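Beneath this line is the structure, given in structure tokens, with notes to follow.
The values are calculated or read from the model by the stated rules, or taken from the named source; none is laboratory data. Owing to the predicted nature of the structure, the values given are computational and were not obtained by experimental measurement. When we count neighbours, we look across all protein chains shown, and the Cβ atoms used for this are built from the backbone with ideal geometry, even at glycine.
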């Protein structure tokens, strides 16, 4: 089972919106070249930051529940 298949319906809808926005960035009216690469790196950086922040929040939550 892929990660996509594990998503809830709402999460799949949000993912679809993100994917559409990324596709728009590749189309004629979007960005290209170095600007495109910088955009994709910024998306990666933001997703990574949010992933790690969520990890820390979950750790705090579970540690707090155990005490």
Restricting attention to region 2-50, which residues are modelled with pLDDT under 90, exposed (fewer than 10 other Cβ atoms within 10 Å of the Cβ) and at negative phi? 27, 28, 29
Search result, residues across region 27-42 that are touching a helix residue (DSSP H, G or I) at 6+ places or on another chain (Cβ under 7 Å) and assigned to a helix (DSSP H, G or I): 36, 39
